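**Student:** Before we start, here is the structure in question, set down as structure tokens.
What follows is calculated from the coordinates using simple rules that are stated; it is not laboratory data. Just so we're clear, the structure is a prediction, and the values are computed from it rather than from any experiment. Every residue, glycine among them, receives a Cβ derived from its backbone with ideal geometry; neighbour counts consider all protein chains shown.
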Amino acid sequence: MKPKFKRIMLKLSGEALMGEDSFGINRQTLAEIVAEIGAVVRMGVEIGIVIGGGNIFRGLAPGAVGMDRATADYMGMLATVMNALALQDSLRQAGLASRVQSALNIEQVVEPYIRGKAIRYLEEGKVVIFAAGTGNPFFTTDTAAALRGSEVGAEIVLKATKVDGVYTADPKKDPAAQRYTRLSFDEAIAGNLKVMDATALTLCRDQKLPINVFSIFKKNALQRVVAGEDEGTLVHV
């Protein structure tokens, strides 16, 4: 396959790492995700990854009820650092070079986010994993993906989910639900289609940074998206 994009930003949810488990990281699922990433690296594509923390803790989770929102969000950011380290370890075992950069300063564990270094790592062919979201409470990792994607010059944000695109209704509840192949940003925002949160969508729209929503569990789907094939749902200006 010939890639359509030279540099991409992959948004990987924490929940994706759980597989069929109810909590934490499923090693087999993580290995399968890394295999998909590795195939794209071998296509010559530069990959940045923003990872979530919902498999461990998130600020809006039931476990955070009654907790100060900012405190809960910082806990969620730390969960993304744990996931980033697990992903880096799995990439290393697969023979793929990677670096973790954190928006929170934890220099004994991971290096801080520095835009110039991140771009250099990408140019060297390393996978760069961006942890701790934006480093600020009240912002999601969707917004972090839009922000980091814009900062490092990614050509597209790929949102990896459990569903193979955006549908007219929940495909698990409505068998008549149909997948959108293409959507404009304005349609996605006006229809509240849950592509990403409104802040992330607006930032991508303003930066003319397209988004593709696809299933990370569909074999070779990531390669097909990068090759520009009809996979998932493309959200564009």
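**Student:** Might you let me know whether region 180-187 holds any residue that is surrounded by 20 or more Cβ atoms within 10 Å (Cβ to Cβ), outside any helix (DSSP H, G or I) and touching a His at 6+ places or on another chain (Cβ under 9 Å)?
**Tutor:** Yes - at least one qualifying residue is present in region 180-187.
**Student:** Oh, and also: Among 46, 107, which is more than 18 Å from the chain's Cα centre (by Cα) and among the acidic types (Asp, Glu)?
**Tutor:** Only one candidate passes the filter, namely 107.
**Student:** From the residues in region 184-197 that are without any contact (Cβ under 8 Å) to a residue 24 or more places away in the chain and touching a Lys or Arg at 6+ places or on another chain (Cβ under 9 Å), which one is farthest from residue 237 (Cα to Cα)?
**Tutor:** So the residue we want is 189.
**Student:** Since residue 57 meets every condition but one in (1) in contact with a helix residue (DSSP H, G or I) (Cβ under 7 Å, 6 or more places away or on another chain); (2) closer than 20 Å to residue 9 by Cβ; (3) not aliphatic (A, V, I, L, M), which condition does it not meet?
**Tutor:** Unmet for residue 57, out of (1) in contact with a helix residue (DSSP H, G or I) (Cβ under 7 Å, 6 or more places away or on another chain); (2) closer than 20 Å to residue 9 by Cβ; (3) not aliphatic (A, V, I, L, M): (2).
**Student:** All but one of (1) more than 22 Å from residue 146 (Cβ to Cβ); (2) in contact (Cβ under 8 Å) with a residue 40 or more places away in the chain hold for residue 22; which doesn't?
**Tutor:** (2)
**Student:** Filter region 188-237 down to residues that are surrounded by fewer than 17 Cβ atoms within 10 Å (Cβ to Cβ) and in a strand (DSSP E or B), then give me how many there are.
**Tutor:** Final tally of qualifying residues: 1.
**Student:** Hey, any hits in region 131-154 for a residue that's under 27 Å from residue 219 (Cβ atoms), of a type outside the set (Lys, Arg), in contact with a strand residue (DSSP E or B) (Cβ under 6 Å, 6 or more places away or on another chain) and assigned to a loop (DSSP other than H, G, I, E, B)?
**Tutor:** Yes, there is a match, as at least one residue in region 131-154 is under 27 Å from residue 219 (Cβ atoms), of a type outside the set (Lys, Arg), in contact with a strand residue (DSSP E or B) (Cβ under 6 Å, 6 or more places away or on another chain) and assigned to a loop (DSSP other than H, G, I, E, B).
**Student:** Here is a follow-up. Considering region 60-72 alone, what residues qualify as being of a type in the set (Gly, Ala, Ser) and either in contact (Cβ under 8 Å) with a residue 24 or more places away in the chain or touching a helix residue (DSSP H, G or I) at 6+ places or on another chain (Cβ under 9 Å) (or both)?
**Tutor:** 61, 63, 64, 70, 72
**Student:** Just give me the residues in region 47-78 being surrounded by fewer than 24 Cβ atoms within 10 Å (Cβ to Cβ) and of a type in the set (A, V, I, L, M, F, W, C), in sequence order.
**Tutor:** Listed by number, the residues that qualify are 56, 57, 60, 61, 64, 65, 67, 70, 72, 75, 78.
**Student:** Starting from region 1-16, take each residue that is under 16 Å from residue 234 (Cβ atoms) and list its partners that are in a loop (DSSP other than H, G, I, E, B) and of a type in the set (Val, Ile, Thr), counting only C-beta distances under 8 angstrom and pairs at least six apart or across chains.
**Tutor:** Taking only residues 6 or more apart or on different chains, the pairs are 3/45; 5/45; 8/45; 9/152.
**Student:** If a residue has to be touching a helix residue (DSSP H, G or I) at 6+ places or on another chain (Cβ under 9 Å), more than 18 Å from residue 199 (Cα to Cα) and of a type in the set (A, V, I, L, M, F, W, C) to count, how many in region 107-153 make the cut?
**Tutor:** 10
**Student:** Could you tell me which numbered condition residue 91 fails, if it satisfies all but one of (1) touching a residue at least 60 places away in the same chain (Cβ under 8 Å); (2) in a helix (DSSP H, G or I); (3) within 30 Å of residue 20 (Cα to Cα); (4) not charged (D, E, K, R)?
**Tutor:** (1)
**Student:** Still on this model: Consider only pairs whose beta carbons are under 9 Å apart and that are at least six residues apart or on different chains; among these, list those whose first residue lies in region 198-224 and is under 13 Å from residue 160 (Cα atoms) and in contact (Cβ under 8 Å) with a residue 24 or more places away in the chain and whose second residue is assigned to a strand (DSSP E or B) and of a type in the set (Lys, Arg).
**Tutor:** 211/11; 211/159; 212/159; 213/159; 214/159
**Student:** Taking the condition of being in contact with a helix residue (DSSP H, G or I) (Cβ under 7 Å, 6 or more places away or on another chain) and surrounded by fewer than 16 Cβ atoms within 10 Å (Cβ to Cβ), how many residues in region 4-38 meet it?
**Tutor:** Adding up the residues that qualify gives 3.
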